[in-house]
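Read through the structure below, which is laid out as structure tokens, and then see the notes.
The values are calculated or read from the model by the stated rules, or taken from the named source; none is laboratory data. A quick note: this is a predicted structure, and the numbers were derived from the prediction, not measured. For neighbour counting, all protein chains shown are included, and Cβ atoms are generated from backbone atoms with ideal geometry for every residue, glycine included. To get the accessible areas, we keep the full protein, side chains included, count just its heavy atoms, and leave off ligands, DNA and RNA. Shrake-Rupley method; radii C 1.70, N 1.55, O 1.52, S 1.80 Å.
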Amino acid sequence: PTICTIRIYTVSGVLIDKIEVNNAFDDGSIHWDMQTNEGLEIAAGMYIYHVKSKVTGKEKLGKFAVVK
């Protein structure tokens with residue numbers, strides 16, 4: 001969604017980063033610097049993302065891997 005909040009967690013449930021997205025209607029992309037909210041580089045491994053639309057309230061959970 002163009003207006004949403006993205007939260008990234010470790011598989012153990014620790015919040016790594018929170019990204020507030022407020023893009024134009026025709027822009028559905030976001031850049032993440034792969035750093036924690038404390039400015040540290042993330043480690044290789046599995047992560048969980050949670051996206052919540054601020055317009056519809058719909059939510060999406062998923063997982064992704066970081067390979068270095």
Could you list, in sequence order, the residues of segment 35-56 that are under 10 Å from the mean Cα position of the chain (by Cα) and free of Cβ contacts under 8 Å to residues at least 40 places away in the same chain?
TYR47
Within the bounds of segment 27-34, is there any residue that is without any contact (Cβ under 8 Å) to a residue 12 or more places away in the chain, open to solvent by 50 Å² or more (accessible area, probe 1.4 Å), touching a His at 6+ places or on another chain (Cβ under 9 Å) and on the phi < 0 side of the Ramachandran plot?
no
Considering each of ALA43, ALA65 in turn, give the residue that is under 16 Å from TYR9 (Cα atoms) and part of a loop (DSSP other than H, G, I, E, B).
ALA43
Criterion first (modelled with pLDDT under 95 and surrounded by 12 or more Cβ atoms within 10 Å (Cβ to Cβ)) does THR2 satisfy it?
yes
In segment 10-26, which residues are touching a Phe, Trp or Tyr at 6+ places or on another chain (Cβ under 7 Å) and loosely packed, with under 10 Cβ neighbours inside 10 Å?
none
